[in-house]
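Only one structure is covered here, and it is reproduced in the block below.
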Amino acid sequence: MIGILGGTFDPIHFGHLRTALDVKLALKLDEIRLIPLRQAVHREQPGTPAELRLRMVEAAISNKPGFVVDARELRRETASFTIDTLLSLREELGEEEPLCLLMGSDAFNDFLSWHRPLDIATLAHLIIMTRPGQPTKIDPPLQQFLTPRQTTDPTELSTEPGGRILFQTVTQLDISATRIRAMVANGDSPRFLLPDAVLEIIEQEKLYL
Ligand code: ATP
C-alpha cells in the first residue's frame, strides 16, 4: 500500500515529512511517494525551479527508508492535475495496488471543486490529515460524498485499490514553506524547521533572498 503526498515543496519541511510518517506508521504503508508538482492548479506558482525543488526533496529523504521521490509531474509539460498523476501511477503499478492520497483537511474541504474528484476518489483512497481534537467542517454536498466512502478501519484500505476515505490525526507542526521563505528573505535562520540537508541547498543556491 502506497501513500502519495503531492506539493510544491518550495521548500520541503518537517510539516510535510513528520505528518507523512505519521500516516505511514498508522496505516502501515509500504512507502510514501513525495510528488513535487510542476505547475500548481489551485494556487500561485512556485518561485523555485522544479529541478531545485526536486533536489531539496531528494536531499530531505536521502537514507530515509520508506520515502521515495517521484518526479513524474515535473516531466509533464502541463499543469499538475491529480487525476493525471493517479492514472499514470495506475499504469505503472497496476489496478490492484491500494493507493492512499494524503491531503490536509483544508484541501479536502475544496475537494469537490478539483478536476474529476469522483474519479480521483475511485482510483485512490483519500487520507485526510486532521488536527487532534478539531473536527473538519464539512458542508452538506461534501458530507453526501463522504458518508458512503468513509471508514475508520485502516485494514479496510488494504483490501481495495481505492474508494475509501479515512480521517487520520497527525502531529501538529505549525510550519509552512511560506514562513520559511519569509524567514530566509528576512535574514532569519529556518534551522530546525526543515532538514539540514535542505537548508544547505537553500544556502548554496541563495534561494528565497
Ligand atoms: P506554502 O506555504 O508555500 O503554501 P506548504 O508549506 O503548505 O507551502 P506545500 O508543498 O504546498 O507546502 O504542501 C504540500 C502538502 O503538505 C499540502 O497538502 C499541505 O496541506 C501539506 N502541509 C504543508 N505543511 C504542513 C504542515 N505543517 N502540517 C501538515 N501538512 C502540511
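Restricting attention to region 10-31 and to residues that are in contact (Cβ under 8 Å) with a residue 40 or more places away in the chain and of a type in the set (D, E, K, R), the residue that is nearest to T155 (Cα to Cα) turns out to be K28. Total residues in region 200-209 satisfying the condition of being assigned to a loop (DSSP other than H, G, I, E, B) and surrounded by 15 or more Cβ atoms within 10 Å (Cβ to Cβ): the figure is 2. Restricted to region 26-121, the set of helices (runs of 4 or more DSSP H) holding at least 1 residues that are more than 24 Å from F145 (Cβ to Cβ) and of a type in the set (K, R) comprises 50-61, 72-75. For region 161-192, which residues satisfy the criterion of being away from the ligand (no atom under 11 Å from the Cβ) and assigned to a helix (DSSP H, G or I)? M183, V184, A185 - these are the residues of region 161-192 that are away from the ligand (no atom under 11 Å from the Cβ) and assigned to a helix (DSSP H, G or I). Of the residues making up region 87-136, those that are within 15 Å of the ligand (Cβ to nearest atom), under 13 Å from the mean Cα position of the chain (by Cα) and under 21 Å from P154 (Cβ atoms) are C100, L101, L102, M103, G104, S105, A107, F108, L126, I127, I128, M129. Summed over region 173-199, residues that are open to solvent by 70 Å² or more (accessible area, probe 1.4 Å) and of a type in the set (V, I, T) total 1. When restricted to residues that are part of a loop (DSSP other than H, G, I, E, B) and crowded, with 16+ Cβ neighbours inside 10 Å, region 122-131 contains 1.
Which is surrounded by 17 or more Cβ atoms within 10 Å (Cβ to Cβ) and either in contact (Cβ under 8 Å) with a residue 60 or more places away in the chain or within 20 Å of P141 (Cβ to Cβ) (or both), of E73, E58, E95? Before you say what the answer is, go through the steps one by one.
Details: E58 fails: either in contact (Cβ under 8 Å) with a residue 60 or more places away in the chain or within 20 Å of P141 (Cβ to Cβ) (or both); E95 fails: surrounded by 17 or more Cβ atoms within 10 Å (Cβ to Cβ).
The match here is E73.
The values are calculated or read from the model by the stated rules, or taken from the named source; none is laboratory data. All values reported here derive from a predicted model rather than from experimental measurement. Backbone-built Cβ (ideal geometry, glycine too); neighbour counts: all protein chains shown. All accessible areas refer to the heavy atoms of the entire protein, side chains included, with ligands and DNA or RNA removed. Shrake-Rupley method; radii C 1.70, N 1.55, O 1.52, S 1.80 Å.
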